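Report on the following structure.
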Amino acid sequence: MIDDLELGFDDSEQGGDKGKHRRSYVRKRKGESGGGRGKTVLALLMAFVLLGVIGGGAFYGFDRIQGYFVTPDYDGSGTGEVTVEIKEGALIADMASALYTAGVVKSAKAFIEAAEANSRSKNIQPGTYKVRKQMSGERALVMLLDLKNKVTNGLTIPEGTTAKRVYKLLSEKTKIPVKEFEAAAKDPKALGVPDSWFKRTDGKPVTKSIEGFLFPDTYEIPPKATAESILTLMVENFLTVTDGMKFVDRVKEDRGGISPYEALIVASLAQAEAGNKDDLGKVARVAYNRVYGEFPCNCLEMDVTVNYYFESIGQEGKRSKDMTDAELDNKKNPYNRKLRGMIPTPINNPGKQALEGAMDPPPGKWLYFVAIDKQGHSEFAETFEEQLRNQKKAKEAGII
């Protein structure tokens, strides 16, 4: 039936020669059958190719979509060695970003997921770590938790260390020449000290010095550190500490118009003069009373300022009793103890307790003090007569 429908005979073909014509047509169709099969095979091949392309695209698309649900991660412990710095206060996400940037993990998410699954991740300490490239997130976490991988290059800057001494200590530790630290320190603003710090309310010109802003602490010196990067790190620490204390706001609100920079100077004076941490606030109060109170000369009369000047000109410091009158009242010395008003800059880098003492000193009308025991405790006096009695105690104790 199919053949009859396909032949489509006309009236003339339906006579007695019908079979002849039918056979002839059938033979013709059979002769054409080889070409038809070829076209069919070609069509099938094209279909397979097309399916392959579609299938490959589908696979590629699936692979991409799968990436949104499966965290990209390396296998194993990685290769080679690379250092990664974990900064103070870094969150897990910050650590993950640092590891990814250094080529340690395949994705930040790989480390984050490993850290979330391990409660010990909160114990990761700030510092620089030796790790490997192309590690799994889990292995990277393990290496950060192992302190054997921490690069130990710590240096402690004591409270009350002058900037010149800081440069020397840093140079000894890092082998960076002192001159490079001195050059970097010439521009405190470039190291991160805001201009707002260099303001005074006592009418004196501002000397923009890095002194006072190199916060004393234990620092982990990163590999390949520069003089600029190290000093910047110390300034950042100073700003973090003082911001946490609300030092600027508290001084402006509570110190009767004294600027935060002047209070920083007072903190450095207290750090240098107080022989015991218990007396830091009281010494700060004496400095305020002498310069801004009713002290006859409105001067500091503290020998530590003379020794700071000695250091600045490369001269050895002296004990108070060994200083001559000319040295105590040298008109060329901008840190002259007889100078009316507050000195130009801090004379060292004070610690947090000294800053607290200058920010919030105890109330008192003291103008004098003297150490009276070997632990460095001082007696404070409002009048010179009281001071003489305290000095007698100090002599009897063998302190002066």
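The values are calculated or read from the model by the stated rules, or taken from the named source; none is laboratory data. Nothing here was measured: the structure is a model prediction, and the numbers come from that model. Methodologically, a virtual Cβ is constructed for each residue, glycine included, from the backbone with ideal geometry; neighbour enumeration extends over all protein chains shown. These accessible areas exclude ligands, DNA and RNA; they are computed on the full protein's heavy atoms, side chains included. Shrake-Rupley method; radii C 1.70, N 1.55, O 1.52, S 1.80 Å.
Pick out the one residue from Leu269, Leu231 that is crowded, with 24+ Cβ neighbours inside 10 Å, within 18 Å of Leu367 (Cα to Cα) and touching a Leu at 6+ places or on another chain (Cβ under 9 Å). Walk me through how you get there before you give the answer.
On the way: Leu231 fails: within 18 Å of Leu367 (Cα to Cα).
Step by step, each of Leu269, Leu231 is checked, and only Leu269 is crowded, with 24+ Cβ neighbours inside 10 Å, within 18 Å of Leu367 (Cα to Cα) and touching a Leu at 6+ places or on another chain (Cβ under 9 Å).
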Quiz item: Pairs under 8 Å by beta carbon, first residue among the polar types (S, T, N, Q) in the range 239-266, partner not in a helix (DSSP H, G or I), six or more apart or different chains?
Solution: Ser259/Lys199; Ser259/Arg200; Ser259/Thr201; Ser259/Asp202
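Yes or no, residue by residue, for (1) within 37 Å of the chain's Cα centre (by Cα); (2) open to solvent by 30 Å² or more (accessible area, probe 1.4 Å); (3) within 12 Å of Ala274 (Cβ to Cβ):
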site: Met359; (1), (2), (3): yes, no, no
site: Ala381; (1), (2), (3): no, no, no
site: Gln391; (1), (2), (3): no, yes, no
site: Ala397; (1), (2), (3): no, yes, no
Self-check item: Among residues of the range 215-234, those that are in contact (Cβ under 8 Å) with a residue 60 or more places away in the chain and either closer than 17 Å to Ala263 by Cβ or not hydrophobic (A, V, I, L, M, F, W, C) (or both), counted
Solution: 8
Quiz item: Residues Arg250, Arg255, Arg285: which one is more than 21 Å from Lys208 (Cβ to Cβ), within 27 Å of the chain's Cα centre (by Cα) and either open to solvent by 50 Å² or more (accessible area, probe 1.4 Å) or not hydroxyl-bearing (Ser, Thr, Tyr) (or both)?
Solution: Arg250
Practice problem: Scan the range 352-368 and report the pairs whose first residue is farther than 13 Å from Arg250 by Cβ and of a type in the set (A, V, I, L, M, F, W, C) and whose second residue is open to solvent by less than 70 Å² (accessible area, probe 1.4 Å) and part of a loop (DSSP other than H, G, I, E, B), with Cβ atoms within less than 8 Å and a gap of 6+ or a chain change. | Solution: Ala354/Gly160; Ala354/Ala274; Leu367/Gly293; Leu367/Phe295; Leu367/Thr383
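Is there a residue being small (Gly, Ala, Ser) and open to solvent by 20 Å² or more (accessible area, probe 1.4 Å) anywhere in the range 132-152? Please lay out each step first, then the result.
First pass over the range 132-152, keeping only residues small (Gly, Ala, Ser): 136-137, 140.
Filter again for open to solvent by 20 Å² or more (accessible area, probe 1.4 Å), leaving none.
So far as the range 132-152 goes, no, none of its residues is small (Gly, Ala, Ser) and open to solvent by 20 Å² or more (accessible area, probe 1.4 Å).
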Practice problem: Within the range 190-207, work out how many residues are open to solvent by 30 Å² or more (accessible area, probe 1.4 Å) and under 23 Å from Ser171 (Cβ atoms). | Solution: 2
Quiz prompt | Options Ser107, Ser171, Ser136, Ser119: the member that is within 30 Å of Pro350 (Cα to Cα) and hydroxyl-bearing (Ser, Thr, Tyr) | solution = Ser171
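Looking at the structure I just gave you, is Leu155 in contact (Cβ under 8 Å) with a residue 24 or more places away in the chain, closer than 30 Å to Glu211 by Cα and open to solvent by 20 Å² or more (accessible area, probe 1.4 Å)? Give the steps one after another, and end with the answer.
On the way: in contact (Cβ under 8 Å) with a residue 24 or more places away in the chain: yes; closer than 30 Å to Glu211 by Cα: yes; open to solvent by 20 Å² or more (accessible area, probe 1.4 Å): yes.
The answer is yes for Leu155.
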Quiz item: Would you pick out the residues in the range 289-302 that are part of a helix (DSSP H, G or I) and either of a type in the set (Val, Ile, Thr) or open to solvent by less than 10 Å² (accessible area, probe 1.4 Å) (or both)?
Solution: Val291
Quiz prompt | Among residues of the range 49-104, those that are at pLDDT 90 or above, acidic (Asp, Glu) and either within 27 Å of the chain's Cα centre (by Cα) or more than 14 Å from Gly137 (Cα to Cα) (or both), counted | solution = 1
Quiz item: Is it true that some residue in the range 321-343 is outside any loop (DSSP other than H, G, I, E, B), touching a residue at least 40 places away in the same chain (Cβ under 8 Å) and closer than 30 Å to Val248 by Cα?
Solution: yes
Quiz item: Can you name the residue in the range 293-307 that is in contact with an Asp or Glu (Cβ under 9 Å, 6 or more places away or on another chain) and in contact (Cβ under 8 Å) with a residue 40 or more places away in the chain and is also nearest to Lys332 (Cα to Cα) among such residues?
Solution: Val304
Quiz item: Pairs, please: C-beta under 6 Å, at least 6 apart or cross-chain, first residue under 18 Å from Pro363 (Cα atoms) and of a type outside the set (Lys, Arg) and in the range 378-400, second open to solvent by 50 Å² or more (accessible area, probe 1.4 Å) and assigned to a helix (DSSP H, G or I)?
Solution: Phe380/Lys282
